[in-house]
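In what follows, a single structure is set out as structure tokens and then discussed.
Laboratory data are not the source of any read-out in this text; all were calculated from the coordinates shown. Computed from a prediction, not measured in an experiment: that's the story for all the values here.
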Amino acid sequence: MRVVMKEGDGDHVSGPLEQPGKENAMKKRIPLSFTVNGEEVDLYISPSRTLLEVLREELELTGTKEGCGEGVCGSCTVLCDGVLVRSCLTLAMEVEGLEITTVEGLGEQGKPDPIQQSFIDQGAVQCGFCTPGMLMSVKGLLKRNPAPDEEEIRRGISGNICRCTGYAKIVEAVVAVTTGSSQNNTEG
Ligand code: FES
Ligand code: FES
């Protein structure tokens, strides 16, 4: 489905576009077209909007989380043309014409991506805040390196911070998916 937003829709900016001075410049919106999870989207945004803001607030793709908002925690990680990016540090207008994959695009209802299934099977879904970013980082890692060893896995998720539980189950889940040994194992 093609999503089309007219100038004046969304972006939480109200009032007329034609206003004099600096205020008008800040409120000026630009057209933006890109693909997200296989769907083309067209919308108008303020040039200062981040990709994270557009995903969550304009497109209601709230699986991508905002943690630090400063490029440190990794919870906002998405794929941009197959490359991992921090959507909190990416201006939305930078993704013009590009293909974004968010956690919503990883699997389908009732048919999760093997990485998601392995996280479930291995008990690696620890909280809803860091998990989407972890999944995306693992997806990006396995695109680059389909058979990482444990050290490479740990390095691959090193930009995703868990502040409460730990990384052992996550590493086990990635090992399981890469070795094809993922199965129900939610103990521990
Ligand atoms: S919210 Fe983007 S890195 Fe933390
Ligand atoms: S922050 Fe999500 S499990 Fe620790």
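One table, with the values for the structure above:
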quantity: Over segment 67-188, volume per residue of the alpha carbon convex hull, in Å³; calculated: 102 Å³
quantity: For segment 102-169, convex hull of alpha carbons as volume per residue, Å³; calculated: 92 Å³
